[in-house]
Structure formats: structure tokens, C-alpha cells
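The values are calculated or read from the model by the stated rules, or taken from the named source; none is laboratory data. If you're wondering where the values come from, they're calculated on a predicted model, not measured in any experiment. So basically every Cβ, Gly included, is an ideal-geometry build from the backbone, and we count neighbours across all protein chains shown. Heavy atoms of the whole protein, side chains included, go into the accessibility calculation; ligands, DNA and RNA do not. Shrake-Rupley method; radii C 1.70, N 1.55, O 1.52, S 1.80 Å.
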Amino acid sequence: MLYSNELVLIRSGPRWKVATGSTQIQLLGKGWYLASPFDLGKPAFRLDWNAAGATGPAPAWDCQQPAAVIRQVGYAAWAMALTMLLLGAAIVLGNITVIAAGLVVFYGLVVATIIRIWMARLCLGMTTAQVLSLGFELICCPPFGPNLARRLSLRLIPQGDGIELAARVLTPAQWCQLVTTVAEVQQELLDFASSSLAEVRAMEKFNTFLQEERQICLQHSS
């Protein structure tokens, strides 16, 4: 569930893609975002943007190292998911040998993955205690395994305005799509704004920027 000023940036191969919450399906002020199952092992970062506009340049955002570790964990997450499917089929068929082999493979993957996370705990922003706690969760609740890569990346919240950070990595077409979505949300926020006059003016200034960018995108697309 994402607030209107939140978006998800997902590493998709050599490029990035961006997603926002649904404007039609809302719950407690948040929009529904259903992640693609094909993005199971991909780094996904939650960003937020300021409705009054960025207050200054965002700090340098180097996510390559943690993203590389998360991709490695993602491969293990896919292996865990496939192993769980195999275990489910073996349980239905009552094949004790396959069940035993599946459990050995699954928990072997868990141990190897936790060791890899512990080795990269500093770049992932985790302590040894947090890594051990995560390992305990995986051992006690195997269904957490397939979602492990996503959980790790969502822990890493980049500092700075999300729009500016996204603009650094998106293609022109993706940027145009994002600007269009954010411009619509920004106009709604402005229509129902109950902030101070100074903040409303800042929101209007940011809205003007978004509308200008939107017009530029429309001109280029035509």
C-alpha cells in the first residue's frame, strides 16, 4: 500500500522501471500496488516525493552495491520458491524421499543466503542481530523466503526527493509517464490543500514545473 506521494523503483535488467499506487483502489489513504511475481528477485526501492517540491539537490545515490547483493539474494529467493512448489507436490503425493531432499535443499539455501546477507550487512544497513533475526524468521516460516529480496530492498530508503532520484535513472519515456502520473496527483493535492499560504505557493510552483514537463513530453511524443 502506497501513499499518493510514494513510488516504487524496480531494477529490471540493465534498466529501471517505476510504479505507483492505484488511484482507483484506495484503503486508509493508500493506493493498492500489486507487484509482479516476475519481479520477485529484483531490487525494489520505495521513494517518496515532496508535494511542495524538492528543498535541494538529493545526495548522491549509489545503490549499485546493495542492488547487486539483493539480485544474488533474489536468485536464492526464486530457488526457494521453486523448492517450496516441489515440496508441496511431494507432500500431496506422499513421497517421503523427495520431501526430505526438498527440506535439505531449502534450508541449505536459507543458511547460504543468510551468510551472504551477513557478509554484506554493512551495505544493506543491517546489524548482526537483525541478520540473525531474519534467519530465524526464514527457518520458522519458510514462505518468507521467496519475498526475501523485496524485503531487503524496501528496508533501504534513499535520502532525498523521490522525483529527483527517479529522474537520474529513468529513460525519457519512463520519465514522461512518471511526470504525467505525479502531475495528476499533485493537482488533486493542491485542490484539497489546507496548508499555510507559503506551502500552498510552493505546491503551486511545483505543480507548474510538472505541468511544463508534461507539456514538453506531449510535444516530443507528437
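Residue check, LEU189 against (1) under 21 Å from VAL8 (Cβ atoms); (2) free of Cβ contacts under 8 Å to residues at least 60 places away in the same chain, all met but one. Which one?
So the condition that LEU189 fails would be (2).
Can you tell me which condition LEU138 does not meet? The list is (1) open to solvent by less than 60 Å² (accessible area, probe 1.4 Å); (2) closer than 23 Å to SER12 by Cβ; (3) in contact with a helix residue (DSSP H, G or I) (Cβ under 9 Å, 6 or more places away or on another chain), and all the others hold.
(2)
If you go through segment 112-131, how many residues are in a helix (DSSP H, G or I), of a type outside the set (Ser, Thr, Tyr) and touching a residue at least 12 places away in the same chain (Cβ under 8 Å)?
Looking only at that region, the number is 6.
How many residues, within segment 1-41, are under 15 Å from GLU188 (Cβ atoms), without any contact (Cβ under 8 Å) to a residue 24 or more places away in the chain and open to solvent by 90 Å² or more (accessible area, probe 1.4 Å)?
Counting residues in segment 1-41 that are under 15 Å from GLU188 (Cβ atoms), without any contact (Cβ under 8 Å) to a residue 24 or more places away in the chain and open to solvent by 90 Å² or more (accessible area, probe 1.4 Å) gives 2.
Take ALA67 and decide whether it is closer than 19 Å to GLN159 by Cβ, open to solvent by less than 50 Å² (accessible area, probe 1.4 Å) and touching a Lys or Arg at 6+ places or on another chain (Cβ under 7 Å).
yes
Okay, residues lined up against (1) of a type in the set (D, E, K, R); (2) at pLDDT 80 or above:
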{"position": "GLY13", "(1), (2)": "no, no"}
{"position": "GLN26", "(1), (2)": "no, no"}
{"position": "TRP32", "(1), (2)": "no, yes"}
{"position": "ARG46", "(1), (2)": "yes, yes"}
{"position": "ALA60", "(1), (2)": "no, no"}
{"position": "LEU82", "(1), (2)": "no, yes"}
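So for segment 81-88 (the condition being without any contact (Cβ under 8 Å) to a residue 24 or more places away in the chain and touching a Gly at 6+ places or on another chain (Cβ under 6 Å)), does at least one residue qualify?
yes
So, in segment 176-185, how many residues would count as being in contact with a helix residue (DSSP H, G or I) (Cβ under 7 Å, 6 or more places away or on another chain) and more than 13 Å from GLU212 (Cα to Cα)?
1
Please go through segment 163-212 and give me each residue that is assigned to a loop (DSSP other than H, G, I, E, B) and either buried (at least 17 other Cβ atoms within 10 Å of the Cβ) or at pLDDT below 80 (or both), ordered by number.
Those that are assigned to a loop (DSSP other than H, G, I, E, B) and either buried (at least 17 other Cβ atoms within 10 Å of the Cβ) or at pLDDT below 80 (or both): LEU170, PHE192, ALA193, SER194, SER195, SER196.
Among the residues that make up segment 71-78, is at least one of them more than 20 Å from the chain's Cα centre (by Cα) and surrounded by fewer than 18 Cβ atoms within 10 Å (Cβ to Cβ)?
The answer is no, given that none of the residues of segment 71-78 is more than 20 Å from the chain's Cα centre (by Cα) and surrounded by fewer than 18 Cβ atoms within 10 Å (Cβ to Cβ).
Could you figure out which of (1) modelled with pLDDT of 80 or more; (2) assigned to a loop (DSSP other than H, G, I, E, B) isn't true of GLY160?
(1)
Kindly indicate the residue of segment 142-155 that is farther than 16 Å from GLN72 by Cα and in contact with a helix residue (DSSP H, G or I) (Cβ under 7 Å, 6 or more places away or on another chain) and also least open to solvent (accessible area, probe 1.4 Å) among those meeting that condition.
Applying the filter and picking the extreme gives PRO142.
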